[in-house]
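The values are calculated or read from the model by the stated rules, or taken from the named source; none is laboratory data. Just so we're clear, the structure is a prediction, and the values are computed from it rather than from any experiment. Note that each Cβ is placed from the backbone with ideal geometry, even for glycine, and that neighbours are counted across all protein chains shown. The area values use the complete protein model at the heavy-atom level, side chains included, leaving out ligands, DNA and RNA. Shrake-Rupley method; radii C 1.70, N 1.55, O 1.52, S 1.80 Å.
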Amino acid sequence: MSGATLLKESGPKEVFCGLTSIVWLHRRMPDAFFLVVGSRTCAHLIQSAAGVMIFAEPRFGTAILEERDLAGLADAHDELNRVVKNLLARRPEIKTLFLVGSCPSEVIKIDLSRVAENLNIELKGQVTVLNYSGSGIETTFTQGEDGALKALIPLMPKSDQKKLLLVGTLANAVEDRLVSIFNRLGIDNVESFPPRQSTELPSIGPETKVLLTQPYLTDTARELENKGAEIIEAPFPLGVTGSTLWIQAAANSFGIDKSIVDSILNPLISRAKKALEPHVEKLSGKKLFLLPESQLEIPLARFLSNECGMEIIEIGTPYLNRDLMKAEIDLLPPDCRIVEGQHVEKQLDRVRDSSPDLVVCGMGLANPLEAEGISTKWSIEMVFSPIHGIDQASDLAELFSRPLRRHDILNPTKTLTSN
Ligand code: SF4
């Protein structure tokens, strides 16, 4: 590993919970439904995060278990069964139903895996019922995807076919572009997980080579390995360098000649570097502090430091999987400080002491920091924006240069003075 300093911290946290990932998962798999088993707070979170669809039938909902139900577990199980059956009677097009656990202590006591098992026996052939936890006690917001994918893995058929499996949700257009690059390199059998339909799960076996698109899929990666797949070690496809090394790692693993890889990637790299220039001009020399939330913080810091010239003060990450993150940490500048976990008060003190130009953080911290005159970028935007791949490097940089430009416009005097 590089000379980065790795520290741990624990204390009060300020992060979104894993329910949030339903927002992008339900768009990815429109034949699936996500039923949160939770409280009114959970219902509010998911509705405000995803918006309420007025003309379309929503593909997520909350079974709000009232205190009456929670008084006895038998009642809660009955109530949940009733909600599920009503839902499926109204929505027969649902092919996969995810029961998503949440925080309230009484909900934690419900054995959702048993509920799912019983429903699978009863509803055999009509729908597959799975469960995972989105509880904020156990997960940060991106880990909801990790839980959902892990729940799908036992349903993946076996295969001995040689294939490249891209794992982690990508915007469809970005996925199409990446698949086309792999096809041009000569890797024809490329599949994605999660698929675009929950019932079209890719098969898996010892000839499956997994290329992770997202850094927060620790449990999914482990389960895929248990199924015999090989995880290709690579940085993540953010920025020109990360995306190039990511594609090269897959190409190496399939024995593709370097000259073929270079001939396809070099024009993309030149174009992307040119498109990055105006953002580098804005970002270069600016101080960046990343608070822990999405688990994308290390790849983002690597990109913003190495390709955009930002000075990294601290990289916070909710969890650090050293194996999956090794290739990323190796690329970081040697003096980087990575803090795993969070004590939000201490971290905010360090933010204030270091006067950063930009803080990447959760939505809950952004407004207070903005009120103190510190520019922020919501980390949740990284999972809703098409930022993966060589072509997308300038769009990724723009997410960070835009708040600095906005800050300049709102503080013209200060900008003139500091310039
Ligand atoms: S799962 Fe927990 S943190 Fe998330 S909305 Fe529900 S109560 Fe809040």
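When you check G285 against the structure, is it more than 17 Å from G389 (Cα to Cα) and crowded, with 24+ Cβ neighbours inside 10 Å, yes or no?
no
Between G364, G373, which is in contact (Cβ under 8 Å) with a residue 40 or more places away in the chain and either under 24 Å from D219 (Cα atoms) or open to solvent by 20 Å² or more (accessible area, probe 1.4 Å) (or both)?
G364
If a residue must be outside any strand (DSSP E or B) and either among the charged types (D, E, K, R) or more than 18 Å from the chain's Cα centre (by Cα) (or both), how many such residues does the stretch 199-225 contain?
Residues that pass the stated criteria total 12.
Listed here are the residues, each with its yes/no results for (1) over 30 Å from N266 (Cβ atoms); (2) at pLDDT 90 or above.
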site: C361; (1), (2): yes, yes
site: L365; (1), (2): yes, yes
site: E372; (1), (2): yes, yes
site: S375; (1), (2): yes, yes
site: Q392; (1), (2): no, yes
site: A397; (1), (2): no, yes
site: L404; (1), (2): yes, yes
site: H407; (1), (2): yes, no
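Return the residues of the stretch 1-34 that are within 30 Å of P333 (Cα to Cα), within 16 Å of the ligand (Cβ to nearest atom) and either among the basic types (K, R) or in a strand (DSSP E or B) (or both); say none if nothing qualifies.
K13 - this is the single residue of the stretch 1-34 that is within 30 Å of P333 (Cα to Cα), within 16 Å of the ligand (Cβ to nearest atom) and either among the basic types (K, R) or in a strand (DSSP E or B) (or both).
So which of I298, I260 ends up being in contact with a helix residue (DSSP H, G or I) (Cβ under 7 Å, 6 or more places away or on another chain), open to solvent by 10 Å² or more (accessible area, probe 1.4 Å) and in a helix (DSSP H, G or I)?
Result of the check over I298, I260: I260.
Could you check the stretch 146-166 and list, in sequence order, the residues that are hydrophobic (A, V, I, L, M, F, W, C), over 23 Å from A250 (Cβ atoms) and within 14 Å of the chain's Cα centre (by Cα)?
Correct list: A148 only.
Taking only pairs six or more apart or across chains, which ones have beta-carbon atoms under 8 Å, a first residue in the stretch 304-317 that is in a helix (DSSP H, G or I), and a second residue that is modelled with pLDDT under 95 and surrounded by fewer than 24 Cβ atoms within 10 Å (Cβ to Cβ)?
Note: pairs meeting the criteria are S305/P333; S305/C336; N306/P333.
Condition (residue is within 16 Å of the ligand (Cβ to nearest atom), modelled with pLDDT of 85 or more, within 30 Å of A171 (Cβ to Cβ) and of a type outside the set (D, E)) applied to the stretch 81-99: is it met by at least one residue?
Scanning the stretch 81-99, I find at least one residue that is within 16 Å of the ligand (Cβ to nearest atom), modelled with pLDDT of 85 or more, within 30 Å of A171 (Cβ to Cβ) and of a type outside the set (D, E), so the answer is yes.
Checking the structure you have, find out if any residue of the stretch 111-133 is closer than 20 Å to V383 by Cβ and surrounded by 22 or more Cβ atoms within 10 Å (Cβ to Cβ).
yes
Would you mind finding the one in D330, D335 that is more than 14 Å from Y216 (Cα to Cα), acidic (D, E) and at pLDDT below 95?
Unique residue meeting the criteria: D335.
Across the stretch 236-253, what is the total count of residues that are in a helix (DSSP H, G or I), open to solvent by less than 10 Å² (accessible area, probe 1.4 Å) and either within 12 Å of L185 (Cβ to Cβ) or in contact (Cβ under 8 Å) with a residue 40 or more places away in the chain (or both)?
Final tally of qualifying residues: 7.
When V359 is evaluated against the numbered criteria (1) surrounded by fewer than 13 Cβ atoms within 10 Å (Cβ to Cβ); (2) within 16 Å of K286 (Cα to Cα), which criterion, by number, is the only one it fails?
So the condition that V359 fails would be (1).
Would you please name the residue that is farthest from the ligand (Cβ to nearest atom), looking only at residues in the stretch 172-189 that are open to solvent by 20 Å² or more (accessible area, probe 1.4 Å) and touching a strand residue (DSSP E or B) at 6+ places or on another chain (Cβ under 8 Å)?
Result: N183.
Give the residues of the stretch 71-116 that are of a type in the set (S, T, Y) and not in a helix (DSSP H, G or I), sorted by residue number.
T96, S102
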